[in-house]
1. For the range 117-133, which residues satisfy the criterion of being touching a strand residue (DSSP E or B) at 6+ places or on another chain (Cβ under 7 Å), open to solvent by 30 Å² or more (accessible area, probe 1.4 Å) and in a loop (DSSP other than H, G, I, E, B)?
2. I'd like to check something: does the range 134-151 contain any residue that is touching a residue at least 60 places away in the same chain (Cβ under 8 Å), assigned to a strand (DSSP E or B) and among the small types (Gly, Ala, Ser)?
3. Give the residue that is nearest to LEU89 (Cα to Cα), with candidates limited to residues of the range 1-47 that are in contact with an Asp or Glu (Cβ under 8 Å, 6 or more places away or on another chain) and open to solvent by 50 Å² or more (accessible area, probe 1.4 Å).
4. What's the number of the only condition in (1) modelled with pLDDT under 90; (2) within 17 Å of VAL30 (Cα to Cα); (3) hydroxyl-bearing (Ser, Thr, Tyr) that SER62 fails to meet?
Amino acid sequence: MLGGITYDEDHKRLWVATINQEQRAQVQSVTPKEIEKYNFKKQKKPIKFEHGTNLSAPLRTSYMTYHKNKLYISYFDKVRGGQLFAYKLNKKGLFKKDKMQDGLALPSENWSTYSQIQGISFDKNNILLSTSYGDFNSQLLIFKNKLNKPNYNLDLSEADKAIILSPYME
């Protein structure tokens, strides 16, 4: 089950959100060099990820992105809303070992989000969140990036702009 994919351009690493054998969220990575060396016709099995880390939160992933040396990973619940978690990476672009507990990576920060978020991106000053749920109109929610402010949430009422888009944007 894929719950997101992102590319860390600073460390040249492709991150993929997956689940482990215990059905817990994890992220795994592979470098472009490893992808280029991979030959399915010869190996006859899926590519091996170079690094993998089990996450303490969320339990599953709906979307993720890389931005300024952090992985932003989230899961939404259509009833209870969502939570966005930030994981700081070390100088090599990997999870910090001192931010682990019982073998699970601990997030450095988290925020509440609107319930139907399916994607996230950042530009110079903004956070862009896409909502999509079934055959209802999708939305692109634009927030000024205030993640450094205490008690800041990415709720629909806090969006600086909402653009209505066609259904099934995910």
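The values are calculated or read from the model by the stated rules, or taken from the named source; none is laboratory data. Worth saying up front: this structure is predicted, and the values here are computed from it rather than measured. So basically every Cβ, Gly included, is an ideal-geometry build from the backbone, and we count neighbours across all protein chains shown. Calculation scope for accessible area: heavy atoms of the full protein, side chains included, ligands and nucleic acids excluded. Shrake-Rupley method; radii C 1.70, N 1.55, O 1.52, S 1.80 Å.
1. The one that is touching a strand residue (DSSP E or B) at 6+ places or on another chain (Cβ under 7 Å), open to solvent by 30 Å² or more (accessible area, probe 1.4 Å) and in a loop (DSSP other than H, G, I, E, B): ASN125.
2. Within the range 134-151 (the criterion being touching a residue at least 60 places away in the same chain (Cβ under 8 Å), assigned to a strand (DSSP E or B) and among the small types (Gly, Ala, Ser)), the answer is no, since none of the residues qualifies.
3. GLU34
4. Status for SER62: all satisfied but (2).
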